[in-house]
Amino acid sequence: EGLPGRVKMATADHSLKRVVWQKFKKLVIDDCMREGEWKILILDHYTTKLLSSCCNMSNLMTEGISVVEDLHKIREPLPNAKAVYFITPTEKSVSALINDFKKKHSYKYKAAYVYFTDYCPDNLFSQLKTTCSKVIKRCKEVNISFLSYESKVFTFDIPDAFQSIYSPASTDKMTTMEMVAERIVTLCATLDENPGVRYRNERGNEYRATENNAECLANMVEEKLAVHYKMDEQQIIKGKTPSQLLIVDRGFDPVSTILHELTFQAMAHDLVSIENDIYRYQTKDDPASKEALLGEDDELWIKLRHLHIAEVVEKIPKLVKELSKSQQTTEGKPTLSSLSQLMKKLPNYRKQKTKQTVHLSLAEDCMKLFHGTVEKLCKAEQDLAIGADAQRQKIKDPMRIILPIMLDKSINSYDKLRIILLYIFHVNGTTEENLSKLIQHGKITDDRDIIENWKYLDVPILSSNAQHRKPFRKDRSDDESYQLSRWTPFIKDIMEDTIANKLDSQEWPHCSGCSAAWNGSGAVSARQGNKSNLQDDRRSVKLIVFIIGGLTYSEIRCAYEVSRTSKSCDVIVGSTHILTPRRLLDDLKKLNQ
């Protein structure tokens, strides 16, 4: 644990990471630091992750923080030092703080400056007051309670929320929703936005399982935003800003969660075991296992992560060639192994351990797995997802597509499940009898729950309960450049329609009676005044999309693509946690246990 020393700051000005770091600096560090004085920073588990996502140890040392400590570990008392506590307002963290100052004559530190991530409940606040009021010099709520995972992506890193929100046996659904709502408000506050809130409300859907989570969460967020912006320090009520927040529930697009994606970041996280963004790999001439962090401090990763794997394989050699001044040219079309040969000949190859080696190795891992079984699955998956083949002919008999896959012994059970699910999504619910046959053919009886439990996300699995209309999709057949990547996540349509002001207001109701003036052009009316506090006014209109129950890497890619094509709107996407197909299927298996 602890803050990594190796993460560089994200440089883009409107990057979420940068905004969070600046806010932390202003509200915590500048608030309690005196020139020439060193302090200790104490973090709990969540705030450690929160800060690691936007800064590193050297950033903190520059600001006068000498040591970073874990609140829940045994710490050396430093009775002459002042301590800054940046913690979550939870029972566990507050009692650990009180514990530091329990014994009258042996306080752990000389003084405490306490900053909570968000609203501290009254009972915890009064506990602090009665026990530690003498030593606490500051006690504030700073309203930052999210992780800036990437420059356009935030997450709360609570994968357990999936069980709490969707499990029929859950007892803490509303508590989780409240917490999610509070954290969304801290995101809006950090961006200095009071957005119009909208949610997806499909007419004709009964929401028997989810009770329309999106509407419920949207209303909670709307109320909490109103409270948050009621009075600021200058006693001014902050009106709605021209940004929008859209809230959708995971069941709105089940296809994007289980399709095999062939863009680099999504494919790597699906096929290769990458934990906490750390990729472990070996090179041919060095059997020792190495680690690389796939993050935004690596410019090559930023260039490659959203490219189709075919382009990645083509681009790396160009980048390798730029790196290698030696003018060797590979004969004909470069293959991955000839590239490895080329890399070996590079001067100082061993010393450099370049990023290129990492990405080459990752692309090689992806391609090996692709040529194994994934290639067999991709065409079938795309046909089922789109409902038509690459020649745009409608799929007449989907069974012909899936039976060979069910009977293929080389295909593992999770891949078979993914195909069965895509078939069921395609036909909008199947019969009990048909489902049993497929499961039998694929020999995956133990995993029947994974299929049936989608009903808890309001996705029709058995046709008897298929009340759902399938959403109308944009025709993107002219944009398709790869036959095995014809599917576009539904969220991209939604983002583009919002910016073009084309969302149906019955399908996407506004929470508050008055919706912010939204024309997506970034033109702020005079009534709203000039928001000079945002560094970059031109990009100041934000579209924030929040998905309850997990976000996929392909949906993350859409936020970057739509931001790039829209001149006036910056799209930010977030969720309770980030999903990979395997993780989602594992979570579904547990839903009714």
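Descriptive notes on the structure:
- Here the spin labels are modelled as points 7 Å beyond Cα on the Cα-Cβ line, and at Thr373 and Asn276 they lie 3.0 nm apart.
- Table column - 3J(HN,Hα) (Hz), the range 564-572, Karplus curve with 6.51, -1.76, 1.60, x for Gly and Pro: 5, 7, 8, 7, 10, 10, 9, 9, 10
- Between Asn99 and Lys474, the contour length at 0.36 nm per residue exceeds the Cα-Cα span by 129.2 nm.
- Taken about its Cα centre, the range 17-109 carries a charge dipole of roughly 140 debye when the Cβ of each Lys and Arg holds +1 and the Cβ of each Asp and Glu holds -1.
- Each listed q (0.20 Å⁻¹) maps to a log10 I(q)/I(0) for the range 428-513, found by the Debye formula over equal Cα scatterers with no solvent: -1.04.
- Annotation: the antiparallel percentage among DSSP beta bridges lying fully within the range 78-184 is about 20.
- Across the range 42-124, the mean sequence separation of Cα contacts (distance under 8 Å, 6 or more residues apart), normalised by length, yields a relative contact order of 36 percent.
- Accessible surface of His306 - all protein chains present, 1.4 Å probe, nearest 10 Å²: 40 Å²
- Prolate/oblate/rounded call for the range 111-209, Cα gyration tensor, a/c under 1.5 rounded: prolate
- Ordered by solvent-accessible area of protein heavy atoms (1.4 Å probe), largest first, the residues His510, His45 come out as His45, His510.
- For the range 382-443 and the range 244-272, distance of Cα centres in Å: 19 Å
- Shape of the range 355-421 from the C-alpha gyration tensor: oblate (a/c of 1.5 or more and a/b not above b/c, with a ≥ b ≥ c the square roots of its eigenvalues).
- Length added when fully stretched, Asn592-Thr565, from 0.36 nm per residue minus Cα-Cα: 5.5 nm
- Neighbour net charge for Lys416 - beta-carbon separation under 15 angstrom, K R +1, D E -1: +2
- Euclidean distance between Cα centres, the range 16-49 to the range 104-163, Å: 12 Å
- Here's the picture: charge each Lys and Arg Cβ at +1 and each Asp and Glu Cβ at -1 in the range 236-300, and of Ser289, Ser243, Leu262 the one pushed furthest to the positive end of that dipole is Ser243.
- The residues Glu178, Glu150, sorted by heavy-atom accessible surface at 1.4 Å with ligands and nucleic acids left out, run Glu178, Glu150 from largest to smallest.
- Per-residue accessible area (protein heavy atoms, 1.4 Å probe) orders Lys567, Lys455, Lys238, Lys542 as Lys567, Lys455, Lys238, Lys542, starting from the largest.
- Between His441 and Lys137, the simple spin-label model (points 7 angstrom out along Cα→Cβ) gives 7.2 nm.
- Under 5 Å, built H, 5+ apart or other chain: amide partners of Ile42: Glu69, Val84, Tyr85, Phe86
- On full extension, the segment bounded by Ile74 and Tyr482 gains 141.4 nm, given 0.36 nm per residue less the C-alpha separation.
The values are calculated or read from the model by the stated rules, or taken from the named source; none is laboratory data. Note that the structure is predicted; figures quoted are calculated from it, not measured. Methodologically, a virtual Cβ is constructed for each residue, glycine included, from the backbone with ideal geometry; neighbour enumeration extends over all protein chains shown. These area figures cover heavy atoms from the full protein model, side chains too; ligands, DNA and RNA do not enter into them. Shrake-Rupley method; radii C 1.70, N 1.55, O 1.52, S 1.80 Å.
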